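A.B. asks: Let me begin by handing over the structure; questions about it come next.
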Amino acid sequence: MFAVEALYDGVHFKPTQPIPVSEDYKVIITFLEPVKTKTIQKPAIRPPFDFGCLKSQAKEAPDHDWFTPLEDFEDYLQ
């Protein structure tokens, strides 16, 4: 005779350790106490900034020409 700890989910018994038998056994099942599950609350995911907080903070250079290819990308544009 030996004891094996298991969890019952309402349908199946799930042993928490290996059962050291390989043949049929007569068993007695005793329900001891309900398992208290921990509920993990996820923190609210919030961006580290508010949208629009940098509005009108970025300025383009007055002499920038949008139609001239950049020198760094000349190899890719050929």
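The values are calculated or read from the model by the stated rules, or taken from the named source; none is laboratory data. What you see is a predicted model, and the numbers here were worked out from it, not measured in a lab.
A.B. asks: Would you pick out the residues in the stretch 33-54 that are modelled with pLDDT of 80 or more and of a type in the set (D, E, K, R)?
C.D. replies: 33
Yes/no matrix, rows are residues, columns are (1) part of a loop (DSSP other than H, G, I, E, B); (2) of a type in the set (D, E, K, R); (3) under 23 Å from residue 5 (Cα atoms):
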position	(1), (2), (3)
17	yes, no, yes
26	yes, yes, yes
29	yes, no, yes
34	yes, no, yes
42	yes, yes, no
46	yes, yes, no
54	yes, no, no
59	yes, yes, no
64	yes, no, no
